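The values are calculated or read from the model by the stated rules, or taken from the named source; none is laboratory data. None of the values given here were measured: they were computed from a predicted structure. Cβ placement follows ideal geometry from the backbone for every residue including glycine, while neighbour counts extend to all protein chains displayed.
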Amino acid sequence: MNIKKEFINGVLAGICIGLGGACFLSCESKVVGSVLFGLGLFTIMLNGYNLYTGKICYLFDNKNKDYITLLFLSILGNVVGTLIIALICIACSPSMNQKAIELCNKKLELDFVSILMKSFMCDIFVYLAVDTYKRHKIVWGAFIFISAFILCGFEHSVADMYYFFTAGIFSLKAVYFILVVLLGNTVGGLFLPLLLKFRDK
């Protein structure tokens, strides 16, 4: 495994999600913003970048130390990539900071179960988008499924990293929120693959 390459692919995925998040924060219409957010995953799928919420879905197909390392590098790279875009957004658009603060404050009001369930549901949609492209080379899933989870109010850990960085919120409560979302995304991303494996036994 080329650690530098995989880490940079994680950074690039984080940058793409950050750009999608910037589009969402910039749009007055939540529907338009949710569709434009899909550009992030669209770019990631076409270029093979390492987005944790997509990569975790294929853990059962890659049960080895290298894949665990890849997942770790993906998360680390995703954090760096979203931070880069957040810092640029704060510098060029102060209003985006205020919108991010309002959004993140609402997220921090959620209880543990709500966060876990919202993030669980989110990665089911992510899996459907990614697997539709992987199996059938259909790219519209990046827009349909991703827009759907945003409009449903579900939680995506990497997108939330971008929102909290843009809001400038670095509290322990924010870290706790992201960790719970990561947990929910992980379980949600493995849910359908596990059912499919059980079906095909």
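Inside the stretch 134-170, residues that are in contact with a helix residue (DSSP H, G or I) (Cβ under 9 Å, 6 or more places away or on another chain) and surrounded by fewer than 19 Cβ atoms within 10 Å (Cβ to Cβ) make up a count of 13. The number of residues in the stretch 77-127 being out of contact with any helix residue (DSSP H, G or I) (no Cβ under 9 Å at 6 or more places or on another chain) and in a helix (DSSP H, G or I) comes to 6.
If you check ALA159, ALA100 for being in contact (Cβ under 8 Å) with a residue 24 or more places away in the chain, among the small types (Gly, Ala, Ser) and within 21 Å of THR53 (Cα to Cα), only one passes: ALA159. Annotation note: Cβ proximity below 6 Å between a residue of the stretch 108-135 that is touching a residue at least 24 places away in the same chain (Cβ under 8 Å) and a residue that is among the polar types (S, T, N, Q) (sequence gap 6+ or interchain) occurs for SER119/ASN185; ASP123/THR53; ASP123/ASN185; VAL126/THR53. Of all residues being assigned to a helix (DSSP H, G or I) and either free of Cβ contacts under 8 Å to residues at least 60 places away in the same chain or in contact with a His (Cβ under 8 Å, 6 or more places away or on another chain) (or both) in the stretch 184-201, which is farthest from SER119 (Cα to Cα)? Just the residue, please. Only one residue tops the list, namely ASP200. Residues in the stretch 49-68 that are in contact (Cβ under 8 Å) with a residue 24 or more places away in the chain and under 14 Å from the mean Cα position of the chain (by Cα) were compared, and the one that is surrounded by the most Cβ atoms within 10 Å (Cβ to Cβ) is THR53.
Of all residues in the stretch 162-183, those satisfying the criterion of being under 15 Å from the mean Cα position of the chain (by Cα) and free of Cβ contacts under 8 Å to residues at least 24 places away in the same chain are ILE178, LEU179.
Say we look at the stretch 69-123 and pick out the residues that are among the aliphatic types (A, V, I, L, M), modelled with pLDDT under 95 and out of contact with any Cys (no Cβ under 9 Å at 6 or more places or on another chain); which of these is surrounded by the fewest Cβ atoms within 10 Å (Cβ to Cβ)? The qualifying residue surrounded by the fewest Cβ atoms within 10 Å (Cβ to Cβ) is ALA91.
Screening GLY188 with (1) surrounded by fewer than 22 Cβ atoms within 10 Å (Cβ to Cβ); (2) within 15 Å of the chain's Cα centre (by Cα); (3) not hydrophobic (A, V, I, L, M, F, W, C) gives one miss only, at (1). Of the listed requirements (1) under 14 Å from PHE164 (Cβ atoms); (2) without any contact (Cβ under 8 Å) to a residue 12 or more places away in the chain, PHE72 misses just one: (1).
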